[in-house]
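**Q** Following this message is one structure expressed as structure tokens.
No lab work stands behind these numbers, since they all come straight from the coordinates. The structure presented is a predicted model; accordingly, all values stated were derived computationally and were not measured. Please note: Cβ atoms are built from the backbone with ideal geometry, for glycine as well, and neighbour counts cover all protein chains shown.
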Amino acid sequence: MNRRLLLGWAAAITLLGLMPAARAEEPPIRIGMSMPQTGGLAGGGKASLLGIEIWRDDINARGGLLGRKVELVVYDDKSSASETPAIYAKLLDIDKVDLLFAPYATVPTAPIMPLVKQRGLLLMGNFSFQVNSKVHHDMWFNNAPWGPADSWATGFLTLGQKAGGKTMALLSADQEFAQNLATTARDVAKKLDLNVVFDQAYPPSLAEFSSIVRAMNATKPDIVFVASYPPDSAAILRAVNEIGVGDNVRIFGGAMVGLQFAAVMENLGSLMNGVVNFNTWLPEPSMYFDGTKEFFETYSKRAVEAKVDPLGYYLAPYGYAMGQMVEAAANATKSLDQKGLAKYLHENTMQTIVGPITFAENGEWKESSTLEAQFRGVKDKNVDQFRSPGKQVILFPDRLKTGDLITPFEKARE
Amino acid sequence: MQRRSIAFWLGAVVFLAAMLAMTQLVRNEYPFFAGYVILQFVVLAVAWTILGGYAGYVNFGTNAFFGVGVYTAVLLVKAFGAPLPVQIATAAVVGSLLGLGVGLLTLRMRGIFFSIATIALAIIIETSITNFRFVGGAAGIQLQRPPVTAPFDSYVKMLFFVQALLVVIAVAITRGIQNSRIGRGLHALRDDELAAECTGVPTLRLKLLACVISGALMAAAGAPAAMYLQYANPDSAFNLNYSVSVLAMALIGGTAHWIGPVLGAILLGATQQLLAVTISSEVNVLVLGVMLVLFVVAAPKGVIGLVQRQPKRRGGSK
């Protein structure tokens, strides 16, 4: 009996001894988001999520954020705007997350902007385009290198003008992203005094572009700005390959979505040669910052297991950078107070794997880092070639430039 | 008033009172966000049943009517800053006119040809809206909600109650049709249109009426969605998912009685909401597909077919 009593006391004391440790173990910091994992935006959404997950694993390996583990609460929004309001209401009211990340792309993000503004919450954006222009939320930080709305077209059209371009053709898909860009391209063309000789929006389902390319060729443009989505980007390049665009075209491309994704790039191969197109990260010497190389080493391995884009240049490093920015703000303010974090993000430059990031008043990057790069020497059916520098030479912005434009377009295609 | 009618209206009052009480007592907003979507699908599924269930004309254009409702509201808000009741009422009128137009153009087709024509309708309207810059065009449009009206303390709670009101209106109309000469006429033309025509049933007029009412209700259900999302773009408003989900809800619930689509919408809508925040991956699409296949194989007459062991001799169960 005495021995039992002794054992009982020993167990009780041991338990009591453990209790302070248990109390000291703080609950994890929960970051909530929806992410397109099915539907049209799923390819990008999965790569972006993998980037965020790599940051979570890195920070947890380093002991967590403010000494607490980081946990992600992620739901699939099916790439649809109608799903996100309920998902974010659940994240806030049921899951009680500490911080919010926005889903990838503009459409799923747009409906949650009023919600976060109403509740005074910090929202880290994820590659949206001008989604805060009407809402004016002062705690919104768009994690995308777009910068000012017109910077995208400015980079491309300035390159074209410097190459001797005076007239412009504009070919755009009749969808949200492409039309936003087409609008800014028209404005920039006006500012640069470029004459728009061809302006054609085409339905998103269009698969055959030879007639449009012929009509465009008839106007003899010097600059061809294309704002297209992956299937049409491929179809346009095939039509151009068959018909050609003539020696008058100094520069071709601009905003062709799809030419950033490994599967499309592998598929199109040499058809992309000469095209000058936007991108967000490329394996060029000017693009490596502290931690960039290590990130892509990890990403390449995990992308195979996760079955996502094997290159992951377009979105994944920005997912990681989003975590880094929150980490910098939380460590500096030593708190998760959303107003404090927002103040820090507004007032400071954050060092990330995609370079230093400073936000403007409207929550967009102060300075654009949207790259305009020219495809060169691309061979068919080889995805690994894109891991080496020189395949996409950066022409714009000047501070990241790694080469000069080869013009005219027909010569650059050779 | 018949005893069943009294019970129905009593039930409707209790339902609305419960929804109103919920908006006043529950502080957490998530149930209202999720509940709004379920109620919206109840209205759509019930409206679909008028034409698809009673008349047997399978309409794949639910998204067209829903999207027209959304964009009518967007247009009214952008042009005049119209209040919510005006948005809904106007959407219903526009939806009914669209229903009339569609009916006149397509109701002479039958079976699969009618269904294909309704899909084409959705594509035509979506393309038109995509090119209508005033309502945002392809880029979409963000909307600002006006201040909320008492006794509600949040706009989502108010929209939830408005949608509950629309459910009662839609169910009452559908029930009224089911129990009237119109309903019996629609059943007759569903079973054999030629025989119905020969026996004096004004088939085209009845189909047109069904199309008008169904279109009005679907568009009315779409109108508050503009303010629910505070954003509208053609891709989301005219998403084919609305048509497919509503069809599945009606089939799973059963189309012979108004309660079928109500049950189907609650069952499938709730499952969709639950899966979105639990499984939350490609698997939830699979789960819904499997559910539909199981019901089609095991219960071709839906939930109400399972409940009603023997079919009633006379149409018009109350």
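**Q** What ³J(HN,Hα) values, in whole Hz, does the Karplus curve 6.51 cos²θ - 1.76 cosθ + 1.60 give for the range A:108-119 when θ = phi - 60°, with x put for Gly and Pro?
**A** The phi angles translate into x, 7, 3, x, 8, 4, x, 4, 5, 5, 4, 8 Hz.
**Q** How about A:LYS190: which aspartates and glutamates have a C-alpha closer than 13 Å to its C-alpha, ignoring those fewer than 8 places off in the same chain?
**A** A:ASP150
**Q** Order these by the 10 Å Cβ neighbour count, fewest first: A:ILE406, B:ILE116.
**A** B:ILE116, A:ILE406
**Q** Can you tell me which of B:GLY56, B:GLY137, B:GLY69 moves the most in a GNM of chain B? Springs connect C-alpha atoms under 10 Å apart.
**A** Among B:GLY56, B:GLY137, B:GLY69, the largest GNM mean-square fluctuation belongs to B:GLY137.
**Q** Setting aside same-chain residues fewer than 8 positions from B:LYS301, which lysines have a Cα under 25 Å from its Cα?
**A** B:LYS207, B:LYS312, B:LYS318
**Q** With Rg and the Kirkwood Rh both taken from Cα atoms, where does Rg over Rh land for the range A:274-393?
**A** 1.03
**Q** Suppose every Lys and Arg Cβ carries +1 and every Asp and Glu Cβ carries -1, with no other charges. What dipole size does chain A come out with about its Cα centre, to the nearest 20 debye?
**A** Charge dipole of chain A: 680 debye, to the nearest 20.
**Q** Would you calculate, for the protein assembly as shown, the mean residue ellipticity at 222 nm contributed by helices, counting each DSSP H stretch of 4 or more residues as -39,500 (n - 2.57) and dividing by all residues, to the nearest 500?
**A** One gets -18000 deg cm²/dmol as the mean residue ellipticity at 222 nm.
**Q** Run through the DSSP bridge list for the protein assembly as shown and note the antiparallel percent, rounded to the nearest 5. Mind dumping the intermediate values first?
**A** Values: 16 of 52 bridges.
Restricted to the protein assembly as shown, the bridges split so that about 30 percent are antiparallel.
**Q** Please name whichever of B:ILE6, A:THR84, B:PHE60 sits farthest to the positive end of the charge dipole of the protein assembly as shown, dipole taken about the Cα centre and charges placed at Cβ: Lys and Arg +1, Asp and Glu -1.
**A** B:ILE6
**Q** Just want to confirm a number: the relative contact order over the range A:155-304, from Cα pairs under 8 angstrom separated by 6+ residues, in percent.
**A** This gives 24 percent for the range A:155-304.
**Q** Rounded to the nearest 0.05, what FRET efficiency do B:VAL26 and B:ASP191 have when you use their Cβ-Cβ distance and R0 = 30 Å?
**A** 0.05
**Q** Would you work out the relative contact order for chain B, in percent, from Cα pairs under 8 angstrom that are 6 or more residues apart?
**A** Contact order relative to length: 31 percent.
**Q** Moving on. Hey, quick one: spin label on A:ASN195, modelled 7 Å out along Cα-Cβ, who in the range A:214-229 has an amide N within reach, i.e. under 16 Å?
**A** Only A:217-224 fall inside the zone, counting backbone N under 16 Å.
**Q** From other protein chains only, count the Cβ atoms within 10 Å of every residue's Cβ in A:174-187, then give the mean.
**A** If you average over the peptide's residues, the count of other-chain Cβ atoms is 3.
**Q** For peptide A:107-118, compute the average count of partner chain beta-carbon atoms within 10 Å of each residue's beta-carbon.
**A** The per-residue average across the peptide is 4.
**Q** Would you list which aspartates and glutamates come within 18 Å of A:LYS293, measuring only between C-alpha atoms, while excluding same-chain residues fewer than 8 positions from it?
**A** Straight-distance partners of A:LYS293: A:GLU53, A:ASP57, A:ASP58, A:GLU284, A:ASP309, A:ASP384.
**Q** Given points 7 Å out from each Cα along the Cα-Cβ axis, report the B:PHE134 to B:ILE279 separation in nanometres with one decimal.
**A** 4.4
**Q** With unit charges on the beta carbons (Lys and Arg positive, Asp and Glu negative) and the dipole taken about the Cα centre of the protein assembly as shown, which residue among B:LEU251, B:SER128, A:SER300 sits farthest to the positive side?
**A** B:LEU251
**Q** Which Cα, out of A:GLY45, B:LEU143, A:ALA330, lies furthest along the positive dipole direction of the protein assembly as shown (beta carbon charges, K/R +1, D/E -1)?
**A** B:LEU143
**Q** Which of the trypsin sites (Lys or Arg not before Pro) across the range A:255-344 are loop residues per DSSP, with 10 or fewer other Cβ within 10 Å?
**A** A:LYS307, A:LYS334
**Q** Okay, next question. Do any trypsin sites (Lys or Arg not before Pro) in the range A:46-86 lie in a loop, going by DSSP, with at most 16 other beta-carbon atoms within 10 Å of their beta carbon, and if so which?
**A** Of the trypsin sites (Lys or Arg not before Pro), the ones in loops of the range A:46-86 whose Cβ has at most 16 other Cβ atoms within 10 Å are A:ARG62, A:LYS69.
**Q** Now for a separate question. What distance in nm separates the two pseudo spin-label positions at B:GLN144 and B:ALA172, each 7 Å out from Cα along the beta-carbon direction?
**A** It is 3.6 nm.
**Q** Once you average over the residues of B:27-34, how many Cβ atoms of partner chains fall within 10 Å of each Cβ?
**A** 6
**Q** If you place +1 on the Cβ of every Lys and Arg and -1 on the Cβ of every Asp and Glu, how big does the dipole about the Cα centre of the range B:3-239 come out, in debye to the nearest 20?
**A** 400
**Q** Looking only at B:THR278, B:THR118, B:THR90, which one moves most when chain B is put into a Gaussian network model with springs between Cα atoms under 10 Å?
**A** Highest fluctuation among the options: B:THR278.
**Q** Turning to a different aspect of this structure: With chain B treated as a Gaussian network of Cα nodes joined by springs under 10 Å, which of B:VAL246, B:VAL171, B:VAL293 yields the largest mean-square fluctuation?
**A** It is B:VAL293.
**Q** Calculate how many DSSP beta bridges within chain A are antiparallel, expressed in % of all such bridges and rounded to the nearest 5.
**A** Numbers: 14 of 50 bridges.
Of the beta bridges lying entirely in chain A, close to 30 percent run antiparallel.
**Q** Same structure again: For the protein assembly as shown, with only Lys/Arg (+1) and Asp/Glu (-1) charged at the beta-carbon, what is the dipole magnitude about the Cα centre, in debye rounded to 20?
**A** Dipole of the protein assembly as shown, to the nearest 20 debye: 2520 debye.
**Q** Now for a separate question. What's the exposure ranking of A:PHE409, A:PHE129, B:PHE80, going from fewest to most Cβ atoms within 10 Å?
**A** The most exposed by this proxy come first: B:PHE80, A:PHE129, A:PHE409.
**Q** Sticking with this one: Among A:VAL116, B:VAL287, which comes first, second and so on when ranked by fewest other beta-carbon atoms within 10 Å?
**A** Ordered from fewest to most neighbouring Cβ atoms within 10 Å, A:VAL116, B:VAL287 come out as B:VAL287, A:VAL116.
**Q** How far, in degrees from 0 to 90, does helix A:316-333 lean away from the longest principal axis of the Cα atoms of chain A, to the nearest 10?
**A** The angle comes out at about 50 degrees.
**Q** Can you give the local net charge around B:PHE113? Use residues other than it whose beta-carbon is closer than 15 angstrom to its beta-carbon, Lys and Arg +1, Asp and Glu -1.
**A** +2
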